[in-house]
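Peer 1: Structure incoming, see below.
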Amino acid sequence: MPVCDDGLMIDLSLMKDVQVDPTTRTASVGPGCTLGEVDRVVQAHGLATPLRINSTTGVAA
């Protein structure tokens with residue numbers, strides 16, 4: 001992952017919470033999740049995400 005000179009990188013990988021509200025059919029997703037992790041949780045509720053196709057992409061990317 002490229003980082004600019006004198007830049008700051010913040011590791012969000014431990015922020016992996018995914019909460020689904022099946023009544024409103026919405027999800028709240030932590031910025032450390034990958035799309036694959038989000039897909040697994042939302043699909044358990046019969047939902048899908050209109051996100052990219054690569055399951056290893058980070059949500060905050």
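Peer 1: Determine ³J(HN,Hα), in whole Hz, for all residues of the stretch 42-53 in sequence, where each value follows from phi through the Karplus function 6.51 cos²θ - 1.76 cosθ + 1.60 and θ = phi - 60°; x replaces Gly and Pro.
Peer 2: 5, 5, 5, 9, x, 10, 9, 10, x, 10, 5, 9
Peer 1: What distance in nm lies between label points placed 7 Å from Cα along the C-beta direction at Asp5 and Arg25?
Peer 2: 5.1
Peer 1: Measuring with a 1.4 Å probe in the full set of protein chains, what accessible area per residue, in whole Å², belongs to the chain?
Peer 2: Here the per-residue accessible area is 80 Å².
Peer 1: Here is a further query. I'd like to know which of Gly46, Met9, Thr34 lies farthest towards the positive end of the charge dipole of the chain, counting +1 on Cβ of Lys and Arg and -1 on Cβ of Asp and Glu.
Peer 2: Farthest towards the positive end: Gly46.
Peer 1: Let's test this: bin the Cα-Cα distances of the chain at 10 Å from zero up to the farthest pair and state each bin's percent.
Peer 2: Going out from 0 Å in 10 Å bins, the chain shows 21, 47, 22, 8, 1 percent.
Peer 1: Let me ask something additional. Give the carbon-plus-sulfur fraction of the accessible surface of the stretch 1-60 in %, rounded to a whole number; probe 1.4 Å, heavy atoms of protein chains only.
Peer 2: Roughly 55 percent of what the probe reaches on the stretch 1-60 is carbon or sulfur.
The values are calculated or read from the model by the stated rules, or taken from the named source; none is laboratory data. Predicted model, so just to flag it, every value in this text is computed and none were measured. We place every Cβ from the backbone using ideal geometry, glycine too, and count neighbours over all the protein chains shown. Ligands, DNA and RNA are stripped out before the accessible areas are found, and what is left, the full protein with its side chains, is counted by its heavy atoms. Shrake-Rupley method; radii C 1.70, N 1.55, O 1.52, S 1.80 Å.
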